[in-house]
Amino acid sequence: DWRELEALALKHNLVVISDEVYERLIFDGLQHHSVLSFPSLADRSVAVYSFGKTFHATGWKVGYAVASPAITTEIRKAHQFITFAVNTPVQLALADYMGNPDHYLHLGRFYQQKRDFFLKQVKGSSFRALPCSGSYFQVMAYPRHLGKSDMEVATWMTREKKLAAIPVSVFYQDGTDHQLLRFCFAKREETLARATEILREL
(Lines give C-alpha, C1' and ligand atoms only; values in the text may rest on other atoms or scores of the structure.)
Protein backbone atom coordinates (compact mmCIF):
# COMPACT_ATOMS: atom_id res chain seq x y z
CA ASP A 1 0.00 0.00 0.00
CA TRP A 2 2.77 2.42 0.90
CA ARG A 3 4.59 1.75 -2.37
CA GLU A 4 1.42 2.36 -4.36
CA LEU A 5 0.84 5.62 -2.48
CA GLU A 6 4.45 6.60 -3.09
CA ALA A 7 4.10 6.00 -6.83
CA LEU A 8 0.86 8.01 -7.03
CA ALA A 9 2.26 10.91 -4.99
CA LEU A 10 5.36 11.17 -7.14
CA LYS A 11 3.51 10.74 -10.43
CA HIS A 12 0.90 13.42 -9.67
CA ASN A 13 3.04 15.68 -7.44
CA LEU A 14 0.71 15.22 -4.45
CA VAL A 15 1.01 16.35 -0.85
CA VAL A 16 0.07 13.47 1.47
CA ILE A 17 -1.84 14.13 4.70
CA SER A 18 -1.36 11.09 6.92
CA ASP A 19 -3.73 10.58 9.87
CA GLU A 20 -1.49 8.87 12.45
CA VAL A 21 -3.48 9.61 15.59
CA TYR A 22 -3.60 5.93 16.57
CA GLU A 23 0.17 5.40 16.36
CA ARG A 24 0.30 4.10 19.95
CA LEU A 25 -2.88 2.04 19.79
CA ILE A 26 -1.71 -0.90 17.68
CA PHE A 27 -2.63 -4.49 18.58
CA ASP A 28 -1.70 -8.09 17.83
CA GLY A 29 2.04 -7.50 17.53
CA LEU A 30 1.66 -5.12 14.59
CA GLN A 31 3.77 -1.98 14.22
CA HIS A 32 2.91 1.54 13.18
CA HIS A 33 4.56 2.74 9.96
CA SER A 34 4.68 6.50 9.54
CA VAL A 35 4.57 8.25 6.19
CA LEU A 36 7.66 10.08 7.45
CA SER A 37 9.67 6.84 7.44
CA PHE A 38 9.64 6.81 3.63
CA PRO A 39 12.28 9.29 2.35
CA SER A 40 10.51 9.93 -0.94
CA LEU A 41 7.27 10.77 0.89
CA ALA A 42 8.59 12.60 3.95
CA ASP A 43 9.27 15.90 2.16
CA ARG A 44 5.81 15.97 0.60
CA SER A 45 3.78 14.77 3.59
CA VAL A 46 2.08 16.02 6.73
CA ALA A 47 1.78 13.49 9.57
CA VAL A 48 -0.98 14.40 12.02
CA TYR A 49 -0.97 13.21 15.65
CA SER A 50 -3.37 13.61 18.55
CA PHE A 51 -2.67 13.78 22.28
CA GLY A 52 -6.42 13.54 22.76
CA LYS A 53 -6.57 10.15 21.02
CA THR A 54 -3.39 8.85 22.62
CA PHE A 55 -4.44 9.71 26.17
CA HIS A 56 -8.21 9.25 25.72
CA ALA A 57 -8.86 12.94 26.29
CA THR A 58 -10.44 13.80 22.96
CA GLY A 59 -12.34 16.77 24.35
CA TRP A 60 -9.05 18.57 24.92
CA LYS A 61 -8.49 18.90 21.16
CA VAL A 62 -4.70 18.90 21.40
CA GLY A 63 -2.49 17.55 18.66
CA TYR A 64 0.39 18.36 16.39
CA ALA A 65 1.58 17.97 12.82
CA VAL A 66 5.02 17.03 11.53
CA ALA A 67 6.14 18.12 8.07
CA SER A 68 9.01 19.67 6.17
CA PRO A 69 9.84 23.36 6.76
CA ALA A 70 8.35 24.29 3.39
CA ILE A 71 5.01 22.69 4.24
CA THR A 72 4.86 23.88 7.86
CA THR A 73 5.39 27.44 6.63
CA GLU A 74 2.18 27.12 4.63
CA ILE A 75 0.35 25.41 7.50
CA ARG A 76 1.19 28.27 9.86
CA LYS A 77 -0.23 30.82 7.41
CA ALA A 78 -3.65 29.17 7.68
CA HIS A 79 -3.43 27.94 11.27
CA GLN A 80 -3.12 31.38 12.83
CA PHE A 81 -6.55 32.28 11.46
CA ILE A 82 -8.17 29.01 12.58
CA THR A 83 -7.03 28.68 16.18
CA PHE A 84 -4.48 30.84 17.94
CA ALA A 85 -3.21 28.40 20.59
CA VAL A 86 -4.13 25.53 22.85
CA ASN A 87 -4.78 26.65 26.41
CA THR A 88 -1.63 26.74 28.55
CA PRO A 89 -2.71 24.46 31.45
CA VAL A 90 -3.40 21.56 29.05
CA GLN A 91 -0.05 22.01 27.31
CA LEU A 92 1.79 22.01 30.65
CA ALA A 93 -0.16 18.98 31.88
CA LEU A 94 0.67 16.98 28.75
CA ALA A 95 4.34 17.95 28.87
CA ASP A 96 4.52 16.77 32.48
CA TYR A 97 2.59 13.55 31.80
CA MET A 98 4.80 12.60 28.86
CA GLY A 99 7.85 12.86 31.08
CA ASN A 100 7.18 9.23 31.99
CA PRO A 101 7.34 7.04 28.84
CA ASP A 102 5.30 4.34 30.59
CA HIS A 103 2.28 6.58 30.10
CA TYR A 104 2.30 5.96 26.35
CA LEU A 105 4.64 3.11 25.45
CA HIS A 106 2.25 0.42 26.72
CA LEU A 107 -1.03 1.87 25.49
CA GLY A 108 -1.36 -0.76 22.78
CA ARG A 109 -1.32 -3.57 25.31
CA PHE A 110 -3.72 -1.68 27.59
CA TYR A 111 -6.33 -1.16 24.87
CA GLN A 112 -5.84 -4.60 23.36
CA GLN A 113 -6.87 -6.08 26.71
CA LYS A 114 -10.03 -3.99 26.60
CA ARG A 115 -10.75 -4.99 23.00
CA ASP A 116 -10.20 -8.66 23.83
CA PHE A 117 -12.46 -8.40 26.88
CA PHE A 118 -15.20 -6.78 24.80
CA LEU A 119 -14.94 -9.43 22.07
CA LYS A 120 -14.94 -12.28 24.57
CA GLN A 121 -18.01 -10.90 26.31
CA VAL A 122 -19.94 -10.31 23.08
CA LYS A 123 -19.49 -13.91 21.91
CA GLY A 124 -22.77 -15.72 21.63
CA SER A 125 -24.57 -12.60 20.45
CA SER A 126 -25.96 -12.08 16.96
CA PHE A 127 -23.45 -9.28 16.33
CA ARG A 128 -20.39 -9.97 14.17
CA ALA A 129 -17.12 -8.20 14.90
CA LEU A 130 -15.01 -6.83 12.07
CA PRO A 131 -11.20 -7.01 12.41
CA CYS A 132 -9.77 -4.31 14.68
CA SER A 133 -6.00 -4.00 15.04
CA GLY A 134 -5.87 -0.43 16.28
CA SER A 135 -7.92 2.41 17.86
CA TYR A 136 -10.38 2.00 20.71
CA PHE A 137 -13.42 1.40 18.54
CA GLN A 138 -14.91 -1.93 17.53
CA VAL A 139 -17.11 -2.07 14.44
CA MET A 140 -19.87 -4.66 14.54
CA ALA A 141 -22.31 -5.93 11.93
CA TYR A 142 -25.74 -6.08 13.52
CA PRO A 143 -28.41 -8.74 12.84
CA ARG A 144 -30.97 -7.87 10.18
CA HIS A 145 -33.93 -8.43 12.48
CA LEU A 146 -33.04 -5.27 14.42
CA GLY A 147 -33.89 -2.93 11.58
CA LYS A 148 -32.96 -1.73 8.15
CA SER A 149 -30.70 1.29 8.57
CA ASP A 150 -27.78 1.67 10.94
CA MET A 151 -29.18 5.05 12.01
CA GLU A 152 -32.49 3.47 13.01
CA VAL A 153 -30.78 0.70 14.96
CA ALA A 154 -28.39 3.09 16.73
CA THR A 155 -31.23 5.44 17.65
CA TRP A 156 -33.41 2.59 18.90
CA MET A 157 -30.61 1.06 20.99
CA THR A 158 -29.80 4.41 22.58
CA ARG A 159 -33.41 5.23 23.43
CA GLU A 160 -34.74 1.81 24.36
CA LYS A 161 -31.68 -0.10 25.59
CA LYS A 162 -29.57 2.82 26.86
CA LEU A 163 -26.62 1.57 24.83
CA ALA A 164 -24.98 4.06 22.49
CA ALA A 165 -23.22 3.24 19.23
CA ILE A 166 -22.26 5.29 16.19
CA PRO A 167 -23.89 4.36 12.87
CA VAL A 168 -21.00 4.01 10.42
CA SER A 169 -23.01 5.60 7.60
CA VAL A 170 -22.41 9.04 9.14
CA PHE A 171 -18.78 8.80 8.01
CA TYR A 172 -19.80 8.53 4.35
CA GLN A 173 -20.56 11.65 2.34
CA ASP A 174 -23.45 9.91 0.59
CA GLY A 175 -24.64 8.05 3.70
CA THR A 176 -23.65 4.59 2.44
CA ASP A 177 -25.09 2.06 4.89
CA HIS A 178 -23.31 -1.28 5.35
CA GLN A 179 -25.39 -2.05 8.46
CA LEU A 180 -22.47 -1.49 10.79
CA LEU A 181 -22.25 0.11 14.24
CA ARG A 182 -19.15 1.43 16.00
CA PHE A 183 -18.72 0.79 19.73
CA CYS A 184 -16.12 2.38 22.01
CA PHE A 185 -14.35 -0.10 24.30
CA ALA A 186 -12.28 2.51 26.17
CA LYS A 187 -14.48 1.93 29.20
CA ARG A 188 -14.35 0.24 32.59
CA GLU A 189 -14.79 -3.53 32.47
CA GLU A 190 -18.08 -3.35 34.35
CA THR A 191 -19.41 -0.94 31.71
CA LEU A 192 -18.26 -3.22 28.90
CA ALA A 193 -19.76 -6.24 30.64
CA ARG A 194 -23.14 -4.51 30.91
CA ALA A 195 -22.99 -3.33 27.28
CA THR A 196 -22.20 -6.79 25.95
CA GLU A 197 -24.92 -8.29 28.13
CA ILE A 198 -27.39 -6.04 26.33
CA LEU A 199 -25.96 -7.02 22.94
CA ARG A 200 -26.31 -10.72 23.74
CA GLU A 201 -29.98 -10.17 24.52
CA LEU A 202 -30.76 -8.55 21.16
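Summary table
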| read-out | value |
| --- | --- |
| Candidate set from the range 25-45 (those that are among the aliphatic types (A, V, I, L, M) and closer than 19 Å to residue 7 by Cβ); member that is surrounded by the most Cβ atoms within 10 Å (Cβ to Cβ) | 35 |
| Residues of the range 3-17 satisfying the condition of being over 24 Å from the mean Cα position of the chain (by Cα) and under 20 Å from residue 72 (Cα atoms) | 9, 10, 13, 14 |
| Yes/no for residue 52 being touching a Gly at 6+ places or on another chain (Cβ under 7 Å), without any contact (Cβ under 8 Å) to a residue 40 or more places away in the chain and not aliphatic (A, V, I, L, M) | yes |
| Some residue of the range 139-158 being in contact with a Phe, Trp or Tyr (Cβ under 6 Å, 6 or more places away or on another chain), closer than 26 Å to residue 24 by Cα and modelled with pLDDT under 95 | no |
| Residue in the range 46-69 that is within 19 Å of residue 19 (Cα to Cα), surrounded by 13 or more Cβ atoms within 10 Å (Cβ to Cβ) and among the charged types (D, E, K, R) present | yes |
| Residues being of a type in the set (Phe, Trp, Tyr) and touching a Lys or Arg at 6+ places or on another chain (Cβ under 7 Å) - total across the range 19-46 | 2 |
| Top-ranked residue of the range 149-165 - restricted to ones that are touching an Asp or Glu at 6+ places or on another chain (Cβ under 9 Å) and not hydroxyl-bearing (Ser, Thr, Tyr), ranked as nearest to residue 197 (Cα to Cα) | 161 |
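The values are calculated or read from the model by the stated rules, or taken from the named source; none is laboratory data. None of the values given here were measured: they were computed from a predicted structure. Quick reminder, even Gly has a Cβ in these numbers, built from the backbone with ideal geometry, and neighbours come from all protein chains shown.
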